[in-house]
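Asker: Can you read through this structure? Questions will come right after.
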Amino acid sequence: MLGLERKDTYLMLAVAFITLFAPIILNPFPAGSALAQFNAGYPDLMQRFVIFGIFAIGFNILFGLTGYLSFGHAAFLGIGSYSAVWMFKLLSMNVIPAILLSIVMAGLFALVIGFVSLRRSGIYFSILTLAFAQMSYNLAYSVLTPVTNGETGLQISLNDPRILDGPSNGGLPVTSLFGAEMRDSTTLFVGPWSWDFSVGYYVCAALMLLAFYLSVRIFRSPFGMMLRAVKSNQQRMNYTGLNTRPYTLAAFVISGMYAGLAGGLLAAMDPLAGADRMQWTASGEVVLMTILGGAGTLIGPVLGAGFIKYFENIFSKINDGILHQWFAFMPDGLENVMVTLIHPFIGKGWHLTLGIMFMLVVIFLPGGLVEGAQRTGRLFRRRDRNAGHVESDAARQRAAAE
Amino acid sequence: MGILEVKGVNKRFGGLQALGDVNLSVKENSVHAIIGPNGAGKSTLLNCLVGKLIPDSGSVMFDGKSVLGRKPHEINQMGISRVFQTPEIFGDLSVLENVMIPCFARRDGAFRLHAYETVRKEADIREQAEAMLEDVDMLDKRHMTASSLSRGDKRRLEMAMCLVQAPKLLLLDEPTAGMARADTNNTIDLLKEIKAKRDITMCIIEHDMHVVFSLAERITVLAQGTPLVEETPENIKGHPKVREAYLGEAQV
Ligand SMILES: Nc1ncnc2c1ncn2[C@@H]1O[C@H](COP(=O)(O)OP(=O)(O)O)[C@@H](O)[C@H]1O
Ligand SMILES: [Mg+2]
């Protein structure tokens, strides 16, 4: 289907299914129940899942295929957001032109930054990209204030021209797709459950599916094969008549455009862009997402993005009060000990939990969560096969006895 | 005029004169062997031909055009392929992919953004690669990861990757080193077969005299960076200068 192999088609369908039904799948616990705080099916968080999924999918095209580890991809995320907000200010609150400009601008910046950075490889490449991103971050804060509105961040206001939309009547306008407002959502109540279906989420989800599909095509293309060859042996590539530079640059620009799209979508969900989005921690985050999920795999980056965003938003919300509730059934002394023990891992301490998880994955599952899933799958299959052997052995014995 | 003309090439590494005034002329469609003791500068000479090193002085002409100053990928696209002394293959890729990549390089040139096509649908390229693997007796290993091959197989794979490009000039740097006798003989047969099938010039560096005498039409003896003699195989055997070069090595 759609020019994909059967295996990839199944993967694509599975991802499509999960994304489309995410509002239900991510809300397994009835609203109001004690476990409801583990529900992730609210629009704001779901949007983050898919937007950072896009960011990581794009990053994986560069890092997973060519092995070039960029430490400055957040710059393109930020550029995407600024471009989108400018589009909202000048042209229209429709998200389409905003997203298009985000992709184009991020692509242009990636072309320049990639052209310079790709003159080096390995750690020097990483440092160059990091330097560029920090430079962008600092410029956005200081010299470029007329464009970025410095510390306050770029926002829409009532006096913006918005040529296509005309003057707004009343309050600040909201982002929309041909009239469908991004913040709009319908809530469905089924028994004790409640599910939010938000326009913004489905716009992001559709683009994530498109981004994922394109990345599968790239992975299976001759171009993708060349990128893997770059990672494997550049020397052999050169002596085989292939110019590695344009290949790596193309991968860099494509992944920059993915980041731009993600940045544009962030602004489309909430029309606001700040320099923080370009900080090196944000660049580091996408590296973590990709490695945690499984660099070089198709679905890994999306998993990694989901995992990290889940922890960031859910674990950080759990506080001591909630812990006390959980352990209320214990004797007081024990309850306090448990709360003290768990305290460092929750709330502001979610980074610690994530850090430990990341270390465990890197040490025991170098292929990331995807490798974990594959190993589990193989374990089950082997057990099935063994069970099959036992059965057929029994059958043979029976046949021999008769 | 040979297809490859090397004139007055010098290359120094610090105080070491690795190549001193090397002249070499390789006739089109011939097999030319370069022999010499270890450290004679044989690999260095090949490096100067494929753009890995730039000679300090001298000229290298291939097919009437200068090779100097061109990038390795440009030189390959001119029609020179090289088998390295230690196999250079795509270790993370499958054997079949290793051979498909040079096919793509021939068909699509040094760069093409074929990001929306599908490898699986490139039947021509695949067939071409599989036919080549058949020729080197490796078709059954096509789905193996290249890095898991034995050393001999890695060499044969690299040779297949070069041959599938149908180069005008094939440079081989000790292609049978580390191979068992049987594999060495297979390699000789393979090269002879290729030679019989199409027009190709080969320049081969070899330690194994059996290989040299089975294949070469001309032999150049290199010692301490300078060619001592250039002769036919019959005349080289008892040549006093050759003895001297090799005995010199034995005494060290
Ligand atoms: N890149 C290099 N840097 C410094 N010295 C080199 C380099 N390459 C080769 N040499 C030296 O040049 C001499 C010739 O080496 P090489 O061409 O590899 O010899 P051969 O292939 O004939 O055994 C050796 O002494 C070697 O140490
Ligand atoms: Mg050598």
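The values are calculated or read from the model by the stated rules, or taken from the named source; none is laboratory data. All figures in this text were calculated on a predicted structure; none of them were measured in a lab. Every residue, glycine among them, receives a Cβ derived from its backbone with ideal geometry; neighbour counts consider all protein chains shown.
Asker: Of all strands (runs of 3 or more DSSP E) completely enclosed by region B:17-96, which ones contain at least 2 residues that are away from ligand 1 (no atom under 16 Å from the Cβ) and within 13 Å of chain A (Cβ to nearest Cβ)?
Answerer: Result: B:80-83.
Asker: Restricting the search to region B:113-133, which residues are assigned to a helix (DSSP H, G or I) and at the interface with another protein chain (Cβ under 7 Å from one of its Cβ atoms)?
Answerer: Of everything in region B:113-133, those that are assigned to a helix (DSSP H, G or I) and at the interface with another protein chain (Cβ under 7 Å from one of its Cβ atoms) turn out to be B:Val119, B:Arg120.
Asker: Quick check: anything in region A:203-221 over 22 Å from the mean Cα position of the chain (by Cα), surrounded by 17 or more Cβ atoms within 10 Å (Cβ to Cβ) and at pLDDT 95 or above?
Answerer: yes
Asker: Among what's in region A:324-379 and is of a type in the set (D, E, K, R) and surrounded by 14 or more Cβ atoms within 10 Å (Cβ to Cβ), pick the residue that is modelled with the highest pLDDT.
Answerer: A:Glu371
Asker: If you scan region B:25-66, which residues turn out to be within 16 Å of ligand 2 (Cβ to nearest atom) and touching a helix residue (DSSP H, G or I) at 6+ places or on another chain (Cβ under 9 Å)?
Answerer: Selection gives B:Ala33, B:Ile34, B:Ile35, B:Gly36, B:Pro37, B:Asn38, B:Gly39, B:Ala40, B:Leu49, B:Val50, B:Lys52, B:Leu53.
Asker: Could you please give the count of residues in region A:161-200 that are outside any strand (DSSP E or B), closer than 20 Å to A:Ser33 by Cα and touching a Pro at 6+ places or on another chain (Cβ under 7 Å)?
Answerer: 1
Asker: Identify, from the list B:Ala166, B:Ala223, the residue that is within 16 Å of ligand 2 (Cβ to nearest atom), in contact (Cβ under 8 Å) with a residue 40 or more places away in the chain, hydrophobic (A, V, I, L, M, F, W, C) and surrounded by fewer than 22 Cβ atoms within 10 Å (Cβ to Cβ).
Answerer: Residue meeting the stated conditions: B:Ala223.
Asker: Oh, and also: Only one of A:Pro173, A:Pro161 is more than 17 Å from A:Thr297 (Cα to Cα) and either surrounded by fewer than 18 Cβ atoms within 10 Å (Cβ to Cβ) or of a type in the set (Lys, Arg) (or both); which?
Answerer: Within the list A:Pro173, A:Pro161, the selection yields A:Pro161.
Asker: Hey, can you tell me all the residues within region A:50-97 that are among the aromatic types (Phe, Trp, Tyr) and either within 19 Å of A:Val174 (Cα to Cα) or part of a loop (DSSP other than H, G, I, E, B) (or both)?
Answerer: Hits for region A:50-97 are A:Tyr68, A:Phe71, A:Tyr82, A:Trp86, A:Phe88.
Asker: Give region A:88-123 a look and list any residue that's within 16 Å of A:Tyr68 (Cβ to Cβ), surrounded by 20 or more Cβ atoms within 10 Å (Cβ to Cβ) and among the small types (Gly, Ala, Ser), or say none.
Answerer: A:Ala110, A:Gly114, A:Ser117
Asker: Considering only region A:202-223, state which residues are of a type outside the set (A, V, I, L, M) and at the interface with chain B (Cβ under 7 Å from one of its Cβ atoms).
Answerer: A:Arg217, A:Arg220, A:Ser221, A:Pro222, A:Phe223
Asker: Which of (1) within 7 Å of chain A (Cβ to nearest Cβ); (2) out of contact with any Asp or Glu (no Cβ under 7 Å at 6 or more places or on another chain); (3) assigned to a helix (DSSP H, G or I) does B:Cys103 not meet, given it meets every other one?
Answerer: With respect to (1) within 7 Å of chain A (Cβ to nearest Cβ); (2) out of contact with any Asp or Glu (no Cβ under 7 Å at 6 or more places or on another chain); (3) assigned to a helix (DSSP H, G or I), B:Cys103 is out only on (1).
Asker: Okay, moving on. How many residues are closer than 19 Å to B:Ile80 by Cβ and free of Cβ contacts under 8 Å to residues at least 60 places away in the same chain if we restrict to region B:198-220?
Answerer: Matching residues across region B:198-220 total 1.
Asker: Does region B:136-157 contain any residue that is without any contact (Cβ under 8 Å) to a residue 60 or more places away in the chain, among the hydrophobic types (A, V, I, L, M, F, W, C), away from every other protein chain (no Cβ under 14 Å) and not in a loop (DSSP other than H, G, I, E, B)?
Answerer: Among the residues of region B:136-157, at least one is without any contact (Cβ under 8 Å) to a residue 60 or more places away in the chain, among the hydrophobic types (A, V, I, L, M, F, W, C), away from every other protein chain (no Cβ under 14 Å) and not in a loop (DSSP other than H, G, I, E, B), which makes the answer yes.
Rundown of residues vs (1) more than 19 Å from A:Tyr42 (Cα to Cα); (2) touching a Gly at 6+ places or on another chain (Cβ under 9 Å), yes/no style:
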site	(1), (2)
A:Asn149	yes, yes
A:Ser157	yes, no
A:Asp160	yes, no
A:Thr186	no, no
A:Gly191	no, no
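Asker: Same structure, new question: List the helices (runs of 4 or more DSSP H) that sit entirely inside region A:230-305 and contain at least 2 residues that are surrounded by fewer than 24 Cβ atoms within 10 Å (Cβ to Cβ) and within 14 Å of chain B (Cβ to nearest Cβ).
Answerer: The helices (runs of 4 or more DSSP H) meeting that bar are A:234-238, A:244-269.
Asker: Working carefully through the options B:Ile89, B:Ile75, B:Ile80, find the one that is touching an Asp or Glu at 6+ places or on another chain (Cβ under 6 Å) and either more than 16 Å from ligand 2 (Cβ to nearest atom) or under 26 Å from A:Leu249 (Cβ atoms) (or both).
Answerer: Residue meeting the stated conditions: B:Ile89.
Asker: Scan region B:158-189 for residues that are aliphatic (A, V, I, L, M) and within 14 Å of another protein chain (Cβ to nearest Cβ) and report the count.
Answerer: Going through region B:158-189 one residue at a time, the tally reaches 10.
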